[in-house]
Every structure is written in structure tokens, then in C-alpha cells.
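Accompanying notes for the structure given below.
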Amino acid sequence: MEILSLGEKIKRKRKELGLTLKDLAGDRITPGQISLVESGKSNPSMDLLEYLAESLNSTVEYLMESEESQAEKICLYYENIAESQILNNELIQAENHIETVLYYAEKYNLNFRKARNLYLRGKMHLEKNELSVAQQYFLSANVIFIRSNNYEDIAQTFKYLGIITLKLKAYHSANSYFQQSEDVYLQNDIGNDFLLGEIYYYRAITFYKLENTSKSIDYSFLAQEKFGQIDNKKEYAKTLLLISEQYSNKGDLDNAIKYSKKTLEVFREIDDQYYISKIENNLGKLFFEFENIEQSFIHYNKAREIRIKNSDENLIETLVNICENFIKLKEIETAKDVLQEIMNEVDKGNNRALICYYLLKYKIDILEGGINEAENTLIMAHNYAETMGYLEEQAELSIKLGKHYIDWGFEDKAAKYLNDGVIIFKKLGILNKDF
């Protein structure tokens with residue numbers, strides 16, 4: 001993509017149609033005058049411009065479009081592609097496109113595009129879990145968004161700042177950011193239901209961390225109302241991206257932008273689907289903590305359905321949570337059915353899932369009174385973790401075996417495993433592990 005002057009547009013269009021200067025001039029103007037216009041040494045009158053537009057199968061609006069306006073379109077195109085790539089975890093490609101946006105934004109002093117550039121850099125660093133860097137980019141972007149009254153961008157940026165501070169365990173700061181995001185959304189009727197659902201969800205999580213259970217429950221139900229299922233459209237999105245790039249190569253900015261927007265919408269849906277399953281799973285955890293097992297199952301089952309549909313590697317997490325629910329209810333046979341689903345994930349190559357399987361089976365063994373069976377299950381899990389080189393899991397299982405032996409009065413065995421666990425944790429640099 002490139003910025004074209006009026007003369008360059010006329011020359012390019014003429015050559016695309018295979019016209020000579022004489023052909024284009026016709027009886028209306030001399031070939032020399034056309035040459036002067038194409039080289040930028042002469043500006044055409046409106047009558048001549050209309051003649052040229054018609055002769056070139058173009059429009060006056062296209063020929064007269066300013067360089068700044070073209071730069072704006074190019075920035076928008078590359079922003080859409082970059083954001084799609086961030087959502088698709090193609091961060092190197094995204095960074096290249098972000099650099100292109102910055103070049104045009106700075107050259108033509110496009111302040112809003114500069115803000116969007118900072119915002120996208122924030123998203124990219126957040127994806128890399130580089131929280132401090134991401135936070136600085138989001139704060140810088142929001143200064144411009146607020147000055148320009150770009151309300152949806154403001155709400156989104158406050159949301160991401162909240163997510164960062166939530167990850168940093170600065171819960172009061174996170175709560176403040178999420179509240180600002182909600183206030184901006186509600187005061188300006190933004191109309192993005194998924195964004196509002198995200199805000200409600202994160203407010204629920206934050207209030208839970210702040211031990212305000214009542215508000216956490218309220219926001220959990222508000223989030224629940226906003227979330228729905230979104231189909232997997234990844235291949236469709238890739239096709240749209242290809243069409244967009246083809247139009248870009250032809251220099252057709254309008255169609256390139258149109259299809260890049262469609263690409264971004266679909267990738268957002270894919271990303272939404274990923275996050276909906278993640279949020280549904282976490283809502284299940286919240287309701288489990290609130291002792292509302294019925295609601296917990298509703299959310300876990302929604303997460304399971306979405307994750308199965310999308311072959312999401314996080315399915316194992318949801319299956320473990322569902323099994324925990326059945327164990328809590330002492331519905332042993334149903335818990336065993338879910339255990340089989342977990343074993344199916346092991347068969348698909350998810351090696352760590354086997355440790356989850358053993359730990360859940362241990363709890364079921366205890367419920368069924370099989371103390372020796374429970375001991376054997378823990379030993380198998382421990383030996384498997386050791387064989388696979390999963391040091392942290394090996395240490396945790398050593399501690400769990402130690403506690404098991406303490407509970408049943410085998411102090412010598414308990415001391416050995418507890419000591420082994422502590423040694424591994426020290427080696428890993430984990431000093432304050434909660435067992």
C-alpha cells in the first residue's frame with residue numbers, strides 16, 4: 001500500500017486501462033497538459049477533473065482524496081490485520097503491521113491512530129504477559145482516547161488496565177479500573193454486550209478477591225446474562241483475511257478495509273468464544289465457592305461444550321472441575337464417568353492430564369474407603385511425575401503422600417516424603433507453597 005498524489009492516481013489509472021496521454025486527452029485537452037497534471041506541476045479545474053474521472057472509470061472523490069485520508073485508511077487496514085493476528089497469537093507478524101501503522105500515523109500526525117497503535121502494543125505485551133510494559137502503553141493510549149471522547153476505546157482500555165492489576169494482585173486498583181470501565185460503558189450506551197459481560201465478570205472476580213461475596217455474586221449473575229455461544233469460524237476468518245490481502249495488493253483500500261474489518265469481527269468472535277469458555281469455567285468456580293453447586297454445574301457444562309467443539313486444550317481444566325463437583329456431592333459413579341473423559345484426554349497426548357486423573361481417583365478411593373488403593377494411586381502419580389520430570393507436581397505429590405501417611409500413623413514414611421517435597425521446592429525456588 002502507498003499514498004498517491006492526484007497526479008499519481010491519474011497516471012496509475014491511465015496505465016491500468018492501457019491508455020496513452022493522447023488517448024486520455026482526446027479532444028478535451030492536450031497530452032502535454034495531462035503530463036503536467038500527472039507530474040504534479042499543474043492542478044486541474046473541476047470540469048477537467050470530472051472529465052478525467054469519467055474517462056478513467058473512476059470518481060472525483062477518489063481522485064481528490066487527500067494523502068492524510070489515504071494514510072488514515074492504510075492505518076485502519078493494518079490495525080485490523082494486526083489486532084486479528086494478536087488474537088490469533090501471531091505476534092511477530094502483528095508487530096510488523098503495528099510498526100507500519102506508526103510510520104503513517106507519525107508522518108501524517110494522525111493522533112487517534114497513534115493512540116490505537118499504543119493500545120495494540122499494550123494488547124501485544126499483555127499477550128506476552130509483560131504486564132508493566134503493557135500497562136504503560138494502555139495508560140498512554142487512554143490519555144488520547146479520553147481527550148478525543150472515544151468512549152468504547154476508553155472502556156476497553158480501563159478493562160485491560162483492570163486485568164493487568166488483577167494479575168498483579170492489586171485488587172483495589174483493579175476494582176477501580178473495572179468500575180471506571182463500567183461507568184464509561186453505561187453513561188455512553190456503547191452497545192457492545194460482550195464487553196459489558198466481560199466487565200461484569202471481572203468485577204465479580206475482583207469483589208471475590210476483596211472478600212465482598214455479596215457483590216461478587218451479584219456481578220456473577222449479571223455476567224451470566226450477557227454471555228452466549230459463538231460458533232468456531234477460524235477457517236472462514238482465514239479466507240476473509242486472504243481476500244483482504246488480495247484487495248490490498250491491488251491497491252483497493254476500500255475493499256481491503258471492508259474485508260479486514262470482517263476478518264477482525266470473526267477473529268474477535270473466535271477470541272470471544274475462547275474467553276467465554278474461560279469465563280464460564282471461572283464462573284463455575286465462583287459458584288462452587290458460594291456453595292451453589294447447581295449454578296456451578298450450569299457454567300462448567302457450558303464451558304465443556306464450547307471447549308469440546310473447539311478442541312480447546314483447556315478442556316481438561318473443566319473436566320477436573322466437574323469431577324470435583326461430583327466428588328463434593330459424593331456422586332461417585334458419575335465422578336468416575338468424568339474420570340474416563342479425563343483419561344480420554346491422556347490418550348490424545350495430554351500427559352499432564354494423567355496427574356489430574358490420579359489426584360481425582362485418590363479422592364474417590366478415599367470416599368470408597370479403599371485406603372490401600374488410595375495409597376497406591378498417589379504413589380503411581382508421584383512416580384509418573386518423577387519419570388516425566390514434572391518437578392513441581394512431584395514435590396506436591398511428595399507432600400500429599402506425606403500428609404496421607406501422617407493421617408494413617410506412618411510417621412517414618414511421612415517424614416521421608418515430606419522431606420523430599422521440601423527439597424524439590426527449595427531447588428525450584430518455591431518458598432511459600434500452600435499445600
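The values are calculated or read from the model by the stated rules, or taken from the named source; none is laboratory data. It should be emphasised that the depicted structure is a prediction, and the values quoted were computed from it without experimental measurement. Reconstructed Cβ throughout: ideal geometry from the backbone, glycine too, with neighbour counts over all protein chains shown. For the accessible areas, the whole protein counts, side chains as well, though only heavy atoms, and no ligand, DNA or RNA atoms are used. Shrake-Rupley method; radii C 1.70, N 1.55, O 1.52, S 1.80 Å.
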Count of region 68-103 residues which are hydroxyl-bearing (S, T, Y) and over 15 Å from R116 (Cα atoms):
1
Tell me, please, whether a residue that is closer than 24 Å to N117 by Cα and among the small types (G, A, S) can be found in region 142-149.
yes
Filter region 26-68 down to residues that are in contact (Cβ under 8 Å) with a residue 40 or more places away in the chain and not in a loop (DSSP other than H, G, I, E, B) and give me whichever is surrounded by the most Cβ atoms within 10 Å (Cβ to Cβ).
L52
Evaluate region 126-139: report whether one residue or more is touching a residue at least 60 places away in the same chain (Cβ under 8 Å), surrounded by 22 or more Cβ atoms within 10 Å (Cβ to Cβ) and not aliphatic (A, V, I, L, M).
no
Pick from region 180-214, criterion of a type in the set (D, E, K, R) and in contact with a helix residue (DSSP H, G or I) (Cβ under 8 Å, 6 or more places away or on another chain), ranking: farthest from L168 (Cα to Cα):
D193
Considering only region 165-180, how many residues are crowded, with 21+ Cβ neighbours inside 10 Å and either closer than 20 Å to N117 by Cα or over 21 Å from the mean Cα position of the chain (by Cα) (or both)?
0
Filter result for A155 (in contact with a Lys or Arg (Cβ under 8 Å, 6 or more places away or on another chain) and either under 18 Å from E72 (Cβ atoms) or assigned to a helix (DSSP H, G or I) (or both))
no
How about region 186-199: which of its residues are part of a helix (DSSP H, G or I) and surrounded by fewer than 24 Cβ atoms within 10 Å (Cβ to Cβ)?
L186, Q187, N188, D193, F194, L195, L196, G197
Identify the single condition in (1) aliphatic (A, V, I, L, M); (2) open to solvent by 30 Å² or more (accessible area, probe 1.4 Å); (3) touching a residue at least 24 places away in the same chain (Cβ under 8 Å) that I146 does not satisfy, given that it satisfies every other one.
(3)
Region 76-108, subset over 21 Å from the mean Cα position of the chain (by Cα) and of a type in the set (A, V, I, L, M, F, W, C), residue most open to solvent (accessible area, probe 1.4 Å):
L102
Could you list, ordered by first residue, the pairs with Cβ atoms under 7 Å in which the first is in region 332-344 and at positive phi and the second is open to solvent by less than 70 Å² (accessible area, probe 1.4 Å) and of a type in the set (F, W, Y), at least 6 apart or interchain?
none
Within region 5-18, count every residue that is in contact (Cβ under 8 Å) with a residue 24 or more places away in the chain and either open to solvent by 90 Å² or more (accessible area, probe 1.4 Å) or outside any helix (DSSP H, G or I) (or both).
3
Residue by residue through region 277-311, note down the ones that are among the acidic types (D, E) and either under 13 Å from N325 (Cα atoms) or open to solvent by less than 70 Å² (accessible area, probe 1.4 Å) (or both).
E280, E289, E291, E294
Answer from S173, S181 - the residue that is without any contact (Cβ under 8 Å) to a residue 12 or more places away in the chain and polar (S, T, N, Q)
S173
Could you tell me whether region 206-224 includes any residue that is open to solvent by 40 Å² or more (accessible area, probe 1.4 Å) and at pLDDT below 70?
yes
Failed condition for K73, given (1) in contact with a Leu (Cβ under 8 Å, 6 or more places away or on another chain); (2) open to solvent by less than 30 Å² (accessible area, probe 1.4 Å); (3) of a type outside the set (S, T, Y), with all others met?
(2)
Does region 1-46 hold any residues that are more than 30 Å from V101 (Cβ to Cβ) and of a type in the set (K, R), and which are they?
R14, K22, R28, K41
